[in-house]
Structures are given as C-alpha cells and as structure tokens.
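Let me begin by presenting the structure, written as structure tokens, before commenting on it.
The values are calculated or read from the model by the stated rules, or taken from the named source; none is laboratory data. Only a predicted model underlies this, so the values are computations on that prediction, with no experimental measurement involved. As a convention, Cβ positions derive from the backbone with ideal geometry for all residues, glycine included, and neighbour counts pool all protein chains shown. Side chains included, ligands, DNA and RNA excluded: accessible areas come from the protein's heavy atoms. Shrake-Rupley method; radii C 1.70, N 1.55, O 1.52, S 1.80 Å.
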Amino acid sequence: MQLLITNIHQLMNVREQYFLLRGKLMANLPCIENAFLVINHGKIAAFGSMDELPEMVYDAVYDAAGASVLPTWCDSHTHIVFAKSREQEFVDKLHGLSYADIAARGGGILHSAAALQATSEDDLFKSTHIRLKELMLLGTGAIEIKSGYGLSVADEIKMLRVIRRIKEAIPIPVKATFLGAHAIPSAYKANKQGYIQLIIEKMLPEIANEKLADYIDVFCEQNFFSTSETEKILEAAYKYGLAAKLHANQLSVSGGVEIGVKYNAISVDHLEAMNEKSIHALATSNTIGTILPTAAFFLRMQYAPVRKMLQENCALALASDYNPGSSPSGNMNFVVSLACIQNQFFPEEAINAATLNGAYAMGIEKEVGSITVGKSANLIFTKPIPSVAYIPYHFGTPVIDRVMIAGKWI
Ligand code: NIG
Ligand code: FE
C-alpha cells in the first residue's frame with residue numbers, strides 16, 4: 001500500500017542522516033518547501049520537492065493542499081497514569097502555598113498515591129487510555145510514562161501493568177519508567193532507608209522479572225531522595241539493565257545532574273535550578289537535558305536557563321511532564337510555545353527538542369522523531385500556516401489539522 005502525499009507547503013525536520021542535536025546544531029531544522037512524501041506500509045518511503053515528483057502509479061494520493069507536515073511530538077517525560085486530578089491544591093497554591101509546602105503537609109504526590117492505591121488496574125487503564133487518545137489528537141506520536149504514584153510493591157506493579165496494557169492498546173511507541181523513588185510513603189515517614197530497601201529488594205526484582213520497565217527514575221531533590229540515595233537505587237537498577245532518566249535540579253541545585261552524568265543516564269529532566277558546574281557536567285556528557293517548561297509555568301517557578309545550556313553545547317529535549325500536580329496538561333504544542341516564550345528557545349530549536357531529541361531521550365530515534373526514510377509515518381498535518389515560527393507563535397490555538405500514526409489517520 002503506497003500512499004503519495006502531494007502539495008505540502010513545508011515538510012519539516014527532513015533528515016537523510018540523523019544524530020542527537022546539541023548546542024548550535026539545535027537551530028538547524030531542515031525543511032523542504034512545496035514537497036511530496038510517500039508512505040509505504042506505514043513507513044516513510046520517499047520525499048522531495050514537488051518539482052522532482054517521480055512519475056509513478058500509487059495506490060492512493062492525498063492532496064495536502066498547502067498544509068505543512070512535521071514529525072509527531074515525542075513526549076519523553078510524563079506521569080499520565082493517575083487516578084484523580086488535584087485542582088484543590090491548585091487553588092491552595094493560588095492562596096500562596098508552594099509545591100514544597102503542599103508536599104510537606106502530606107499532599108502532592110502522596111495525595112495522588114492514596115487515590116491510585118484505591119483505584120483498580122482496569123479503571124486506571126481506562127482513564128489513561130482516554131488521556132492518551134486526547135494527546136494523540138494533539139500530535140503526540142511517542143510517549144514515556146512513569147510509575148511513581150503507587151509507592152508500594154503491589155501498586156507500583158499495578159501502574160506498570162497499566163503502562164504495559166497501554167503499550168499493547170495504542171499504536172504509538174510507549175516507554176515505561178519505574179519511579180518507585182518518587183516520594184517517601186507515609187508508612188515509611190520515619191524509615192526512609194526501609195523504603196529504599198523495599199525498592200531495591202522487592203520492587204526492582206519483581207519489575208525486572210515481569211520486564212515491566214524500560215528505565216529507572218528517582219526524584220533527586222531535598223526532602224525527597226538525596227544524591228547518595230539516588231546512587232544506591234541506580235546501582236541496583238543497573239544490575240537489571242535499567243538505564244536512568246532522573247528528576248534532577250527541579251527545586252534546588254540538588255547534584256542530581258552530576259549523578260545522572262556519572263551513571264550515564266539517558267536523560268536528566270527539569271533543570272530549572274542549574275549552576276556553572278551542573279551545566280558544564282551536562283554539556284560534556286552523553287546525557288540529554290529534558291526541559292519541562294509547563295511544570296515551571298504551572299508552579300510559577302524559575303525556567304531552566306536554556307540559552308546558557310545551549311551555549312555550552314548541551315543536547316536538550318522538551319517534554320510535557322503531564323501529571324496532576326505540577327503540569328496537568330500534555331499539550332506539546334503549548335510546551336513548544338512556552339519553551340520559546342519563557343526559556344528562549346528559538347522555534348527551530350524547540351521543534352527539534354520536541355521531536356528528534358525527544359525520540360533520543362526514549363531510545364526510539366530509529367523509529368520516530370524526523371522525516372527519514374524507514375521511520376514510522378507518525379505525522380502532524382497543520383492547518384495552512386505561513387512558517388515554522390508560526391507554530392509556537394500562535395500559542396494556545398490549535399494549528400493541527402490531522403494526525404497520522406504509522407500511515408493511518410487517527
Ligand atoms: O515532575 N517532581 C516530581 N514529580 C512530578 C510532580 C508529581 C506530582 O506533583 O504529582 C514533576 O513535577
Ligand atoms: Fe516529572
């Protein structure tokens with residue numbers, strides 16, 4: 001089944017060869033004006049300028065009629081398995097409480113954990129499935145999903161099983177991350193080491209045995225998990241072959257970035273609180289820095305210093321952090337806009353960060369993230385738009401007309 005798509009105003013992020021983008025190279029978003037694209041059995045088979053369209057018979061032709069086409073968003077950091085929204089805490093924050101205040105009084109992640117523990121695997125699957133289908137219509141074509149609201153052996157496993165069912169039910173690539181070290185559950189309030197032991201001795205072996213996780217994550221932060229506790233958990237997880245994606249430097253310069261680099265983490269995520277040392281460590285490593293601007297926006301906190309990180313040659317990705325506490329939205333279009341408005345990404349950099357580098361941050365760069373022959377035809381078709389910059393510029397307004405996953409309209 002060969003589908004020819006004609007009259008694409010701009011075909012964005014076209015790459016014959018691809019590599020992780022860092023520093024200055026992030027500003028290069030190769031595009032073809034007035035382009036065609038051929039899809040064969042769900043994969044990108046050919047593309048080029050309409051002037052060079054080969055004379056051939058195709059099974060079907062779709063006239064894009066001036067739409068632009070780009071790879072779907074690769075959202076490499078989410079917490080979309082959750083049982084309940086937390087708008088009351090949102091109102092509490094409007095009254096002046098901080099994220100840390102709410103966590104300290106037993107709210108926040110622990111609030112989500114109590115709700116999740118009381119919810120069945122089937123119900124979690126249903127609500128997550130609905131959420132993910134919404135995200136796909138917003139252009140998300142690959143996603144990472146974390147556990148971390150279970151905080152007990154049975155409930156962490158329940159979350160990861162939900163993610164596994166989502167992998168089977170949804171046609172986009174899904175990666176699962178085990179985040180047992182997201183918070184210290186109330187039962188272990190006075191015995192944090194006991195909880196770390198539970199993670200290492202009970203959760204990890206069972207999760208590895210059922211092959212429920214692709215990555216390990218730790219919330220490395222003051223009042224959550226220290227750098228030495230993070231190291232201990234990473235050491236244990238590495239024995240099971242789980243590479244790290246860390247929550248690092250969100251609320252403070254926690255040392256999480258340096259730990260991530262030391263353990264060759266695939267990514268360190270958040271990075272709102274960086275100093276020269278942590279920027280340098282990241283820039284001279286293979287670890288990707290994942291920026292989550294909607295979390296900083298929603299918590300009204302400082303934004304990650306993206307210009308400095310790019311000057312130093314870091315490789316950056318953009319993700320939504322979709323979760324009920326700090327980013328109750330998975331709209332990657334808005335993430336890309338906010339990244340430009342507040343982190344000072346340039347539009348081309350932001351689109352690269354949210355597509356190709358996001359794919360690298362999930363280890364699926366061979367499947368998605370750019371317009372490359374052999375990759376899955378996971379594509380966003382925009383409404384007629386004049387330019388690349390229009391995508392972040394027209395913030396909050398849908399620029400997407402249609403989305404295609406593996407060559408099929410959704
Ligand atoms: O990435 N910082 C830790 N975890 C999430 C928030 C989780 C929550 O508040 O439920 C984050 O911001
Ligand atoms: Fe997060």
Entirely in the range 231-302, the strands (runs of 3 or more DSSP E) that have 1 or more residues that are of a type in the set (Val, Ile, Thr): 267-270, 288-291
Answer with yes or no whether residue 257 is closer than 25 Å to residue 297 by Cα, under 16 Å from the mean Cα position of the chain (by Cα) and in the same structural domain as residue 317 (by TED's automatic domain parsing). no
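The rows are residues; the columns are (1) within 18 Å of the chain's Cα centre (by Cα); (2) within 30 Å of residue 91 (Cβ to Cβ).
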residue: 223; (1), (2): no, yes
residue: 231; (1), (2): no, no
residue: 236; (1), (2): no, no
residue: 262; (1), (2): no, no
residue: 268; (1), (2): yes, no
residue: 285; (1), (2): no, no
residue: 291; (1), (2): yes, yes
residue: 300; (1), (2): no, yes
Take the residues of the range 263-283 that are away from ligand 2 (no atom under 16 Å from the Cβ) and in contact (Cβ under 8 Å) with a residue 24 or more places away in the chain: which is nearest to residue 246 (Cα to Cα)? 263
Output the residue which, of all residues in the range 98-115 that are open to solvent by 30 Å² or more (accessible area, probe 1.4 Å) and part of a loop (DSSP other than H, G, I, E, B), is farthest from residue 330 (Cα to Cα). 105
Condition first: open to solvent by 20 Å² or more (accessible area, probe 1.4 Å), of a type in the set (S, T, N, Q) and within 30 Å of residue 214 (Cα to Cα). Now tell me which residues in the range 40-97 satisfy that. 40, 85
Would you be able to say whether some residue in the range 287-297 is under 21 Å from residue 392 (Cβ atoms), within 13 Å of ligand 2 (Cβ to nearest atom) and among the small types (Gly, Ala, Ser)? yes
Selection count, the range 245-271, where residues are away from ligand 1 (no atom under 15 Å from the Cβ) and open to solvent by less than 10 Å² (accessible area, probe 1.4 Å): 1
